[in-house]
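Please treat every number below as a calculation from the coordinates, not as lab data. This structure is a prediction, so every number in the text was calculated from the model and none was measured. Cβ coordinates were reconstructed from backbone atoms using ideal geometry, including for glycine residues, and neighbour counts include every protein chain displayed.
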Amino acid sequence: MNILLWIIFGALAGWIASVIMGSRQGLLGDILIGIVGALLGGWLGSLLLGVGITGFNLVSLLLAVVGAVILIAILRAFRRPATMP
């Protein structure tokens, strides 16, 4: 998959994950979250299901969105300020 398809794929996966998680990342943020989420989702998919990112198809998009959702959740956990009791 060439770099332009990775950018489009990342933007789409990142945007879908942002909508699911109710967060606004902006175009560049969606692209970065989507690409890193695709790497994370592909790694988890190959580890747990034996299926990874294989190109621009529905299974790969679902794995990328799941990875991006996980990534957004991790980022939120680190961004939250500690509450005082």
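Just a few scattered comments:
- Cα-based Rg and Dmax for the chain, where Dmax is the largest Cα-Cα distance (Å): 13.3, 51
- Vicinal HN-Hα couplings computed from phi for segment 52-58 (Karplus, 6.51 cos²θ - 1.76 cosθ + 1.60; Hz; Gly/Pro x): x, 6, 10, x, 8, 9, 5
- Distance between the pseudo-spin-label points of R76 and N57 (7 Å out from Cα toward the beta carbon): 3.1 nm.
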